[in-house]
Amino acid sequence: MKLQDKSVLITGAGSGLGFETCKILAAAGARVAGFDRDADALAGLAERIGTPLFTHALDVTDEEAVRLAVDRACEEFGAVHAVINCAGVGDAAKTVSRGEVFPSEVWHKVISINLTGTFNMVKYGALAMMRNEPDVETGERGVIVNTSSGAAKHGQMGQAAYAASKAGVLGLTLPVARDLAGDSIRVVAISPGLFDTAMVAGLPDKVRDALVQKMILFPNRMGTGAEFGALVQHIIENSYLNATSIDLDAGARMTNR
């Protein structure tokens, strides 16, 4: 599917991978709707990217709010052709630590945002895509790209909720792709490794350098949001990619901690 004049919805658009993906897809000619629960992060997003955008503050765990946000994007653009799920949190805790068990509120928060929130966007985005006429060149009606993580397979200490949520994103890829194949909608997941985002920005340089040296094969650095966004663009434009997950991690393998 060519991106020129296509309508793309991106969650987590206010920062990190979502923000960089907005930049990449807008530069490729897409009409972008940026969603984020942080309204302040969305303020001025169009100026930062340098192109007109539709933005909407959204909590992806609120199903009714997701439905209304997708409807608003359809009203703004006339259609939805791609949904990119980048919203996520990485709150951590050990299963049991100093006699205290993993806090239930942390578990529910991580699962709700990373997994349930992703599926909320998937189902309402797909519903909107089903109204599209098939692309004249490829026959497809839409593309969904979800963000998993290397932690889905190599979760570290304290990442029980995060790893479970991202493994869930991998697990839904094939069945959802099967569900939507008859409607000409593709579904692909990306599993990023160590990326230079807000989740690691607060770490001391020594810690960041140690992570790179211990875990990453080559190139010996963290990934960039631009590299993630470029892969999203390729997935949308390569109509033969479907029902799969792509590791974007420079050969990284997570260590115990």
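What follows is calculated from the coordinates using simple rules that are stated; it is not laboratory data. Treat the numbers as computed from the prediction; the structure is a model and nothing was measured. Don't worry about glycine lacking a Cβ; one is built from the backbone with ideal geometry, like all the others, and counts go over all protein chains shown.
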Exercise. Ordered by residue, what ³J(HN,Hα) values in Hz, to whole numbers, does the stretch 43-59 give under the Karplus form 6.51 cos²θ - 1.76 cosθ + 1.60, where θ = phi - 60° and Gly and Pro are x?
Worked result: 4, x, 4, 4, 5, 5, 8, x, 8, x, 9, 9, 10, 7, 5, 8, 9
For this session: Please tell me which of these pairs span more than 24 angstrom C-alpha to C-alpha: Lys109/Lys214; Lys23/Lys109; Lys94/Lys214; Lys166/Lys214; Lys2/Lys23; Lys109/Lys166?
Result: Lys109/Lys214; Lys23/Lys109
Problem set entry | Peptide ranges 208-219, 136-147, 35-46 listed from the most packed, as the mean C-beta count within 10 angstrom indicates | 136-147, 35-46, 208-219
Exercise. Once phi is turned into ³J(HN,Hα) by the Karplus curve 6.51 cos²θ - 1.76 cosθ + 1.60 with θ = phi - 60°, what whole-Hz value does each residue of the stretch 10-15 show in order, with x for glycine and proline?
Worked result: 10, 8, x, 6, x, 7
Seminar exercise, completed: Non-local residues with an amide H under 5 Å from the amide H of Val83, with H modelled 1.01 Å from N and Pro and chain starts lacking one, are Leu9, Val143, Ile144, Val145
Problem set entry | Relative contact order of the stretch 7-248, pairs being alpha-carbon contacts under 8 Å that are 6 or more residues apart, as % | 20
Problem set entry | Relative contact order, percent, the stretch 95-212 [alpha-carbon distance under 8 Å, six or more residues apart] | 26
For this session: Please list, in chain and number order, the residues 5+ apart from Thr244 or on another chain whose amide H is under 5 Å from its amide H, with Hs placed from the backbone.
Result: Ala189
For this session: Return the sequence-ordered ³J(HN,Hα) values of the stretch 26-32 in whole Hz as given by the Karplus equation 6.51 cos²θ - 1.76 cosθ + 1.60 applied to θ = phi - 60°, using x for Gly and Pro.
Result: 5, 5, 7, x, 6, 8, 10
Exercise. Where does each of 155-161, 234-240 land if you order them by average Cβ count within 10 Å, highest first?
Worked result: 155-161, 234-240
Exercise. Where does helix 63-77 land angle-wise versus the long Cα axis of the chain, in degrees 0 to 90, nearest 10?
Worked result: 40
For this session: Please work out the FRET efficiency for the pair Asp205 and Asp179, using the Cβ-Cβ distance as r and a Förster radius of 51 Å; give the result to the nearest 0.05.
Result: 0.65
